[in-house]
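Below: the structure, in structure tokens.
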Amino acid sequence: FRLEDYDRGTMQSSLVKRDYRSWHPKSWIVGVKNEFASMAYDWNDLVKKRVIQDSLHALPILLAMETDTTSFHVYDRRINGSVLQFNTTITGNQFTDQNTNSVWNMDGLCIDGPLRGQQLAHVQAYNEFWHSWQTFHQTTRTALTSQDQFGSSSAAARLTCSTDTCVLSGVDHMLLSR
């Protein structure tokens, strides 16, 4: 197998899945942790959206995917004590915050606008297979959207899993089918 084929999503194998509804053991995730919590984000979801904003136990984070769909970054969204909200649309490898309409590059550097010269702090993140991440982070939460998982809406849903149980929260209603 060639990993560049996996990166592009063109690898044909029953061992690896890039299906949005899969969360198979060999599915790729982006894992983020701090001293209080850990979270797994579906790689395919990040490739599709290119920007994901979340909070990891009071740490506001931004996940951003570059146009090559293999390079990603995770940043702390706080600047000067304020939490920035980012637009969900990326132009090339630049994104804009909603607070000041400043433009940021993929290095987390503000290159235009009132915050020009400010730098977002990097947050350590890992690109791993789901089974590997879950083995070492057994209380990790997973970030899903109900549209990706259930095909209904874009409301945020959380699937929290331990080694033997999963709990779904943040969904008012859903239709399950086999």
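None of the figures in this text is laboratory data; all of them are computed from the coordinates on show. Fair warning: this is a prediction, and the values are worked out from it, not measured in the lab. Cβ coordinates were reconstructed from backbone atoms using ideal geometry, including for glycine residues, and neighbour counts include every protein chain displayed.
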Subject >> Separation of the ASN105 and HIS57 label points, Cα + 7 Å toward Cβ, nm >> reply: 3.4
**OP:** Using label points projected 7 Å from each Cα along Cα→Cβ, tell me how many nm separate ARG116 and HIS131, to one decimal.
**Re:** 5.2
